[in-house]
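Step one of this worksheet: look at the structure below.
The values are calculated or read from the model by the stated rules, or taken from the named source; none is laboratory data. Please read these numbers as outputs of a predicted model, since none were measured by experiment. Heads up, the Cβs are rebuilt from the backbone with ideal geometry, glycines too, and the neighbour counts pull from every protein chain shown.
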Amino acid sequence: MLNAAFLALLLSLFKPLMKVRKTVFLTLGAMLSISTLMWFFSPEIVWYVGLSGCLYSLLFYAIALDRRYPLNFRLFALVVITIKILMEQMQIEFVMVSDFISGPVAVDSHLYGALVGAAFVVISHLLSKFKDLNI
């Protein structure tokens, strides 16, 4: 329920996620990319059932590209998200989340999700440059 509520919030707040086809494509790309990264770099995670990694991808992508929000706000939000992910990687636990979901949080998926979201931003930027060049 927590992930579904966050997804609904993302879809309603960020213009880059308001196109259904694009958002579905990004979500599927994030799922495949995060699963691949987890397979190769987090083999200790045998079973993962969350959506949070994909949500981090969408969040990173949407914040970076939604020009309706001031650049300072977007940069601040990306820094806060990055600090949270780094804290998770340093094993500073957010116990209340684990307690709320009654299980461990796969924090590596958050890291991979943010990296995939950042890659989506770079790809989007490159595609827009090629589009501008009429290639």
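Return yes or no: is VAL105 at pLDDT below 95, closer than 17 Å to PHE6 by Cα and part of a loop (DSSP other than H, G, I, E, B)? When the stated conditions are applied, VAL105 passes them. Name the residue that is surrounded by the fewest Cβ atoms within 10 Å (Cβ to Cβ), counting only residues in the range 50-74 that are of a type in the set (Ser, Thr, Tyr) and part of a helix (DSSP H, G or I). Restricting to residues being of a type in the set (Ser, Thr, Tyr) and part of a helix (DSSP H, G or I), the top hit is SER52. Find the residue count for the range 9-45, including only residues that are of a type in the set (Gly, Ala, Ser), more than 14 Å from the chain's Cα centre (by Cα) and in a helix (DSSP H, G or I). Of the residues in that region, 1 qualify. Residues that are touching a residue at least 60 places away in the same chain (Cβ under 8 Å), among the β-branched types (Val, Ile, Thr) and not in a helix (DSSP H, G or I) do not occur anywhere in the range 89-96. For LEU37, state whether it is touching a residue at least 12 places away in the same chain (Cβ under 8 Å), surrounded by 17 or more Cβ atoms within 10 Å (Cβ to Cβ) and closer than 16 Å to VAL121 by Cα. No.
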